[in-house]
Amino acid sequence: VENSFPVTITRVELMRVEAVLENIAPQLKEADQKKLAEIYVELKQLAEMLNETPYTIFNANQWGLLEMVLKGKVAEFKLLAEDIAEDNKDVDVWPLATALDTVLI
């Protein structure tokens, strides 16, 4: 029997984001490092929750809500990275935005 409900994300992968954060963090101010760390922890918690929640017909609404919240957190993370990039012209923060784009694929 074929599934008739759409699935947009099966797993959320954060390894690339984590690797980029480790590379750029030493170049940033402590306050910026803290902001990125805090939002990363929130994103990681949401990703773990979504990855641990199987998508079934019975929890499709809950799963969709988790997915929407995760997408919002990724967007918030990207905005923060852009703000930090504006304040730190000598640090290349753009690979972080690129890595964040791969989270939801």
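The values are calculated or read from the model by the stated rules, or taken from the named source; none is laboratory data. Owing to the predicted nature of the structure, the values given are computational and were not obtained by experimental measurement. Every residue, glycine among them, receives a Cβ derived from its backbone with ideal geometry; neighbour counts consider all protein chains shown. Surface areas here come from the heavy atoms of the whole protein model, side chains and all, with no ligands, DNA or RNA. Shrake-Rupley method; radii C 1.70, N 1.55, O 1.52, S 1.80 Å.
Quick notes
- Evaluated against (1) open to solvent by less than 20 Å² (accessible area, probe 1.4 Å); (2) under 17 Å from the mean Cα position of the chain (by Cα), Thr102 falls short on exactly one condition, (1).
- Lone qualifier among Ala85, Ala75 - being exposed (fewer than 15 other Cβ atoms within 10 Å of the Cβ) and hydrophobic (A, V, I, L, M, F, W, C): Ala75
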